[in-house]
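The values are calculated or read from the model by the stated rules, or taken from the named source; none is laboratory data. Bear in mind the structure is a predicted one, so any value in this text is a computation, not a measurement. Using ideal geometry, Cβ is built from the backbone for each residue, glycine included, and neighbour counts are taken over all protein chains shown.
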Amino acid sequence: MHKRGPFHFQSLGRPETTTLEEWSQWQWQMRRSLRSAEDFKSKLTLKEDQTQAFERNEIQKIFRAQLTPYYSRLIESVGPPLAKIGLPSVAEFQPGAQQMLDPLAEKRNSPVPRLLHRYSDRALLLVTDMCSVYCRYCTRKHFTGQDQLSLKEHELDLAIEYLAGQKGVREVLISGGDPLTLGDEILFRILRKLRAIEHIEVIRIGTRMPVVCPMRITDSLVQGLREFQPIFLMTHFNHPKEITAEAAIALEKLVDAGLPVFNQMVFLNGVNNHPAIVQALNRRLLVLRVKPYYMFQCDPSQGTDHLRTSVEESEQIVRELWGHLSGLAMASHSVDIPNGGGKTTLVPNFIVRRDAAEIQFRGWDGVEGIYKNPLHAPELPSDFTDYEGEWKQLQRGKEERRKEI
Ligand code: SF4
């Protein structure tokens, strides 16, 4: 058990048949992952719709199924909410309102293989298509788990050459697949090449390993990552029961080493579509010093209709949370506009009426108030020219991206 504030994070433990040494090694977890229908049936109590999904061989064509022993044990212990994330269902074969192969139109925004450049100041580098667990709601099913494996040396060189020529790119997000399925040496080699590009300010690593294989957060990984600061870890907890003692310790190890961790939750039907679940998740993350960052609408990738919530349902959850969670514990409700429109944030509308002089609000608990605009004309800060050059460079980056697309 691991205690922080009022919360007790329970250890998942290990099966009696496995030694502590094996169980604690992330490489063992990867090697012993459940892959075949027989593996799943031997370790988990499957429901009828899950058994039927495995009986239809095409399930692996829709999206590969795989679980680490750690996450399968967690699913067996928690039951349906996490099973919906990790276990295939026949519902994936049913027609839905919207099922897209590439919901974010990522292929259109890929100037060189494995690199996505949608925004002027950010780029996304897909370093591997492998994950340790294949989440049934995954956005990038057209790429993830398709045996394209890790980025080859010449692909990395092409991506680095492209990024070096894009002076507007300030942040690179390393994603996939899950970058932390790569060994330390490969990961550090990629980071070294990125850090050699002077205009890259921040590197982010998107990973679900703290959730599905917390033993991946080893001392050597953490020490190695520190050398490439500033690095932000973007993780992906969807349910409070995913925060075991093992996961909590892994998260604290990252934060203690000066690596900020942000969480990106996805609204999922039957998993976390209730304000009680979301507040529980966000408060537990916050005591571990993980910032709840996004609450995403689930993207309409193939086989996800039964997992998605409507925008209205998610908005209602956010509205109910408003006023009960601090800004630190609250994440932004965001939609990735299908067909590559980029992200947009949805906030509850508290405006009753507005004109040029004032705005009338009704707050989360019904209290009304008016904000009046000042009477004076705006005065520009006297030193804005100190930063005008870098601002114009960012704007130029956007223009250049528009022309390229
Ligand atoms: S870890 Fe991320 S990339 Fe991998 S299957 Fe899950 S959502 Fe998709």
_From 260, 230, 292, residue being away from the ligand (no atom under 16 Å from the Cβ) and surrounded by 22 or more Cβ atoms within 10 Å (Cβ to Cβ)_ = 292
_Is it the case, given these coordinates, that residue 113 is within 30 Å of residue 26 (Cα to Cα), surrounded by fewer than 21 Cβ atoms within 10 Å (Cβ to Cβ) and more than 13 Å from the ligand (Cβ to nearest atom)?_
yes
*Any idea which residue in the stretch 31-78 is nearest to the ligand (Cβ to nearest atom), counting only those that are outside any helix (DSSP H, G or I), among the aliphatic types (A, V, I, L, M) and more than 23 Å from residue 246 (Cα to Cα)?*
65
*Does residue 211 satisfy the criteria of being more than 11 Å from the ligand (Cβ to nearest atom), assigned by TED's automatic domain parsing to the domain that holds residue 231 and of a type in the set (Val, Ile, Thr)?*
no
_Among the residues in the stretch 141-155, are any at pLDDT 90 or above, closer than 18 Å to residue 107 by Cα, within 8 Å of the ligand (Cβ to nearest atom) and assigned to a loop (DSSP other than H, G, I, E, B)?_
no
*Go over the candidates 307, 346, 325, 321 one by one and state the one that is in contact with an Asp or Glu (Cβ under 7 Å, 6 or more places away or on another chain), at pLDDT 95 or above and under 21 Å from residue 274 (Cβ atoms).*
346
*Go through (1) of a type in the set (Val, Ile, Thr); (2) within 30 Å of residue 392 (Cβ to Cβ); (3) within 16 Å of the ligand (Cβ to nearest atom) and name the single condition residue 128 misses.*
(2)
*Give the residue that is modelled with the lowest pLDDT, with candidates limited to residues of the stretch 156-176 that are among the hydrophobic types (A, V, I, L, M, F, W, C) and more than 16 Å from the ligand (Cβ to nearest atom).*
169
*Go through the stretch 216-227 and give me each residue that's within 16 Å of the ligand (Cβ to nearest atom) and either in contact (Cβ under 8 Å) with a residue 40 or more places away in the chain or outside the structural domain of residue 243 (by TED's automatic domain parsing) (or both).*
216
*Can you tell me which residue in the stretch 315-335 is surrounded by the fewest Cβ atoms within 10 Å (Cβ to Cβ), limited to those that are outside any strand (DSSP E or B) and in contact with a Phe, Trp or Tyr (Cβ under 6 Å, 6 or more places away or on another chain)?*
323
*Take the residues of the stretch 15-50 that are β-branched (Val, Ile, Thr) and exposed (fewer than 14 other Cβ atoms within 10 Å of the Cβ): which is nearest to the chain's Cα centre (by Cα)?*
45
*Do the conditions hold for residue 301, that is, is it touching a Phe, Trp or Tyr at 6+ places or on another chain (Cβ under 6 Å) and either β-branched (Val, Ile, Thr) or over 30 Å from residue 221 (Cα atoms) (or both)?*
no
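Here's the yes/no breakdown for (1) without any contact (Cβ under 8 Å) to a residue 12 or more places away in the chain; (2) closer than 13 Å to residue 267 by Cβ:
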position	(1), (2)
297	no, yes
306	no, no
309	no, yes
313	no, yes
316	yes, yes
323	no, no
330	no, no
